Protein chains: 2
Amino acid sequence: MTSPAPPSLDQVFTALADPTRRAILSMLLEDDMAVTDVAEPFAMSLAAVSKHLGILAVAGLISQEKRGRVKWCKLEPDALREASVWMQAFGQYDGVNLDAFERFLAQELADPALDGSDVHSTS
Amino acid sequence: MTSPAPPSLDQVFTALADPTRRAILSMLLEDDMAVTDVAEPFAMSLAAVSKHLGILAVAGLISQEKRGRVKWCKLEPDALREASVWMQAFGQYDGVNLDAFERFLAQELADPALDGSDVHSTS
DNA sequence: AGCATATTCAACCATATAGTTGACCTTTTA
DNA sequence: TAAAAGGTCAACTATATGGTTGAATATGCT
């Protein structure tokens, strides 16, 4: 078998263009999941979700490892970095909202438990 | 005429998924260009390039202004901000809570002035 | 062994996308 | 005023995409 081609920007951006696939990535952000569990919240067939996962895998955004009869899906954030870097070339994001973003992250990472509904409250 | 809907992540990522459109963005990074000049290096019809530019415009990635018979195309890097920040959440911070992040993003995009940062500072 | 579970495969359908060509409208120029 | 230049529109074609269903393939359980 040939070694897999590195994911292209085409594949990464195409994968990200679908809201179902972005939702899947969000789910995998929290934890690794089996295909069936990924599919559960969606109003579409298991086969359809399986296809979406295949597209995400080809794009390098997730990896899939089969243990027993269960195929585990894992977020692979590295693939996003290439695309992110590409985008940075266009953004003069200097002052925009990265300051606010970093403050958000600081709070988020400091105390993920209290982010229920008042993300920006300081209380 | 209705005010244009703000570009969605769908539209931005879909626009970025095509190599021709990414090449166009690269060209516009250097300078504003007329439609005919944008089309010149591509081995496709002017109409096809015109369509690509329309897709980029709907995604908010470029703006188009008609002066005389010439329509000038200008890069609008701000539209990349939302998508880029969305990606950063995956690329760098494993533990980030996406629900909170989405709320942050919604507020940020709705009213950047409210977040207390010096949004337009020239670093 | 036999059945249930987890996942994919294959065939199919509807719609979207990227491209073409030729006609058309508007603006500039001779 | 007539012709050329800059773009878009409309109709069409081919292919890609996202979804379905039913059958097939493994693996695990009793």
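In the range A:5-40, of all residues being outside any helix (DSSP H, G or I) and in contact (Cβ under 8 Å) with a residue 12 or more places away in the chain, the one that is nearest to DNA strand C (Cβ to nearest atom) corresponds to A:Ala34. If only residues of the range B:22-31 that are more than 22 Å from A:Ala17 (Cα to Cα) and surrounded by 14 or more Cβ atoms within 10 Å (Cβ to Cβ) are counted, the one that is nearest to the other protein chains (Cβ to nearest Cβ) is B:Leu28.
Within the range B:44-74, if we keep just the residues that are within 11 Å of DNA strand C (Cβ to nearest atom), in a loop (DSSP other than H, G, I, E, B) and not aliphatic (A, V, I, L, M), the residue that is nearest to the other protein chains (Cβ to nearest Cβ) turns out to be B:Ser45.
Here A:Pro6, A:Pro77, A:Pro19, A:Pro41 are screened, and the one residue that is within 11 Å of another protein chain (Cβ to nearest Cβ) and surrounded by fewer than 17 Cβ atoms within 10 Å (Cβ to Cβ) is A:Pro19. Just to be sure before I move on: is B:Met27 within 29 Å of B:Met87 (Cα to Cα) and within 14 Å of DNA strand D (Cβ to nearest atom) in the structure I sent? Here the answer is yes, as B:Met27 does meet what is asked. Among the conditions (1) at pLDDT below 75; (2) closer than 26 Å to B:Ser84 by Cβ; (3) touching a helix residue (DSSP H, G or I) at 6+ places or on another chain (Cβ under 9 Å), A:Gln92 misses just one, which is (3).
The values are calculated or read from the model by the stated rules, or taken from the named source; none is laboratory data. In this text, all values refer to a predicted model and were calculated from it rather than measured experimentally. Don't worry about glycine lacking a Cβ; one is built from the backbone with ideal geometry, like all the others, and counts go over all protein chains shown.
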